[in-house]
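Since the structure comes first, as structure tokens, the remarks are kept for the end.
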Amino acid sequence: MLDEDRGKIRYLNRYKQPISYEGMMRRRKITPTDIDGLIDYHGNCFIYIEGKGVGAPIEYGQRKALENLVDSHVKAGHPACAVIFRHTSDSDSIVIAKDQRVDLIYHNKQWRPPVAPMTVLQFIERWESYHESQNVKL
């Protein structure tokens with residue numbers, strides 16, 4: 001695959017195909033959740049990414065899953081965070097994640113808005129720069 005094609009949707013029909021977790025309720029009435037994106041830096045550092053339409057809630061189970069994932073990485077000594085972005089695109093449009101505004105960041109056991117308005121890509125670049133300066137192998 002060419003570098004300029006990495007990250008692009010290759011099979012739009014498959015991408016639009018819903019996956020149902022019906023019938024998969026587990027202990028304590030939990031069901032699987034989806035996560036829109038993950039950046040794994042060689043197992044050393046992690047960013048989880050979730051996109052929501054403006055006004056759409058972050059369901060309790062999904063929020064808790066993101067918190068648990070991030071906290072477990074940090075407990076193991078690997079920097080991690082979760083980022084929620086919001087978009088206003090209609091359901092037939094492709095949402096270009098890198099250009100969307102970050103709404104919330106989960107880090108250090110807290111959900112917070114960014115200190116200044118930024119896109120998902122700007123957040124990722126800042127996260128990478130900071131952790132490289134801390135000698136984390138990305």
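Bear in mind these aren't lab numbers, they're just calculated from the coordinates by the rules spelled out. Nothing here was measured: the structure is a model prediction, and the numbers come from that model. Counting neighbours? That spans all protein chains shown, and the Cβs are built from the backbone with ideal geometry, glycine included.
Worth a mention:
- Longest stretch of the chain clear of exposed loop sites (GluC sites (Glu not before Pro), DSSP loop, at most 16 other Cβ atoms within 10 Å, sites excluded): 60-138.
- Taking the number of Cβ atoms within 10 Å of each Cβ as an exposure proxy, the fewest-first ranking of THR33, THR119, THR88 is THR88, THR33, THR119.
- Separation between Cα centres of the stretch 80-138 and the stretch 37-58, rounded to whole Å: 8
- The loop-placed trypsin sites (Lys or Arg not before Pro) in the stretch 1-103, going by DSSP, that have at most 14 neighbouring Cβ atoms within 10 Å of their Cβ come out as ARG6, LYS8, ARG10, LYS16, ARG26.
- In terms of its C-alpha gyration tensor, the chain comes out rounded, because the ratio a/c of the largest to the smallest axis stays below 1.5.
- Built amide H within the under 5 Å cut-off of HIS87, gap 5+: LYS52, GLY53, VAL54
- Exceeding the 27 Å Cα-Cα cut-off - candidates LYS109/LYS137; LYS8/LYS109; LYS16/LYS109; LYS16/LYS75; LYS8/LYS64; LYS75/LYS137: LYS8/LYS109; LYS16/LYS109; LYS16/LYS75; LYS8/LYS64
- Of the beta bridges in the stretch 37-101, as assigned by DSSP with both residues counted there, near 40 percent are antiparallel.
- The chain - share of DSSP beta bridges that are antiparallel (%, nearest 5): 60
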